[in-house]
Amino acid sequence: MLRETGASPSRFWHSTEDFAAGLLALRARYRFDGILVSLHGHASDWEGRAVSTVRGPEGERVRWKNGDETWFPADDLPQFHPASPRVAPEFDRLDPASLPPHPSYIPVSQGLRFEIDPSRPFEAVERVIGSAGRDFSVHGEVTSPLDYVLDLFGFEQAMLGFLDDPGRAAAVLDRFTEGIVGIAEGLAATGVDAIKISSPFAGAGFLSTGFYRTFVLPYEGRIARAIEARNIRAYIHTCGDIHDRLELLAEGGASGIECLDPPPLGRVDLEDAKRRVGGRIFIKGNIDPVNVLLAGDRSSVRADARRRVETGRPGGRFILSTACSIAPRTPRDNVAVLAEVAEEHGRY
């Protein structure tokens with residue numbers, strides 16, 4: 001997004017106006033029929049919190065008044081360097097009731113948190129809907145309770161806690177789930193068409209199906225059902241290998257699933273996925289973003305996308321999409337050809 005919009009990395013991350021404008025510009029450039037607003041709750045006073053901003057060709061470095069520092073690469077997620085290391089609570093001592101009733105941040109990745117301004121929690125979503133909501137699908141996003149637990153305790157302590165004290169783990173997950181349902185209901189009230197439940201760590205490369213059934217499915221299912229109860233479509237995003245849990249993903253009450261990573265990134269064969277769960281939910285994705293989109297050319301991407309459309313056609317309920325995130329240096333033409341294939345071959 002940064003490379004294609006030429007936006008200031010720090011402004012794209014912190015400014016509602018710049019973030020929304022970038023999403024709208026990218027939708028128009030690639031002729032996508034939907035916009036996912038993955039971040040919401042941008043603070044209006046963020047620039048006043050900074051002491052200095054140093055800009056260069058590789059990115060921007062911002063120093064904050066509290067001593068923290070953030071490096072904003074020109075083609076990647078920000079890297080946050082706190083003045084004092086974050087101290088995780090002890091799993092076996094935490095009272096789940098002591099957690100805030102509503103999460104105040106989005107756990108983005110690798111310890112990176114996006115703080116939600118409670119005074120304007122959904123302004124970015126509302127801005128995009130106001131500009132494009134009559135013409136294009138607009139989606140909001142919430143994050144899985146599992147991600148909040150991993151972020152709160154750290155991966156090692158969290159996973160040991162799940163094994164050693166599953167009752168406490170369930171209580172913590174329950175507390176986060178309540179808060180996430182509240183966020184989802186707020187997003188639903190903005191008028192979004194769908195809400196993505198981001199659950200990147202729930203694939204087979206990290207969790208067994210038994211763990212998924214116990215510590216993921218019940219909580220994501222509650223969120224999905226709360227969204228669907230408001231006549232908004234919910235869908236679950238789990239990247240990596242989900243071949244062995246397609247049916248579990250379809251059990252939770254959501255209308256659809258993504259990313260369906262194909263080999264070698266995952267093990268999902270689209271024809272097999274259609275046969276197993278395609279009659280119950282919509283399935284989205286399956287184009288390899290690395291070996292096809294990044295490494296291919298227009299001709300090979302076109303051929304791959306057309307195969308996906310033909311495979312997904314029987315019975316409908318298939319959305320042509322990349323399996324997961326587009327790599328930063330993916331050729332622009334390789335992305336642009338996806339809309340061409342959908343327009344030429346995706347109507348049925």
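Tabulated data for the structure shown
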item	result
First in segment 92-110 and free of Cβ contacts under 8 Å to residues at least 24 places away in the same chain, second anywhere and crowded, with 16+ Cβ neighbours inside 10 Å, Cβ under 8 Å, 6 or more apart	Ser104/Ile116; Tyr105/Phe114; Tyr105/Ile116
Residue, farthest from Ala204 (Cα to Cα), within segment 250-267, restricted to residues that are touching a residue at least 40 places away in the same chain (Cβ under 8 Å) and aliphatic (A, V, I, L, M)	Ala254
Residue pairs meeting the criteria (Cβ under 9 Å; at least 6 apart or on separate chains; first without any contact (Cβ under 8 Å) to a residue 12 or more places away in the chain and under 17 Å from Val125 (Cβ atoms), in segment 13-34; second acidic (Asp, Glu) and part of a loop (DSSP other than H, G, I, E, B))	none
Test: Ala327 is part of a helix (DSSP H, G or I) and touching a residue at least 24 places away in the same chain (Cβ under 8 Å)	no
Set Val149, Val142, Val87, Val128: member being outside any helix (DSSP H, G or I) and surrounded by 13 or more Cβ atoms within 10 Å (Cβ to Cβ)	Val142
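Bear in mind that the values in this text are calculations on the coordinates, not laboratory data. Here the structure is a predicted model, which is why all the values come from computation and not from measurement. Neighbour counts are summed over all protein chains in view; Cβ atoms, including those assigned to glycine, are modelled from backbone coordinates with ideal geometry.
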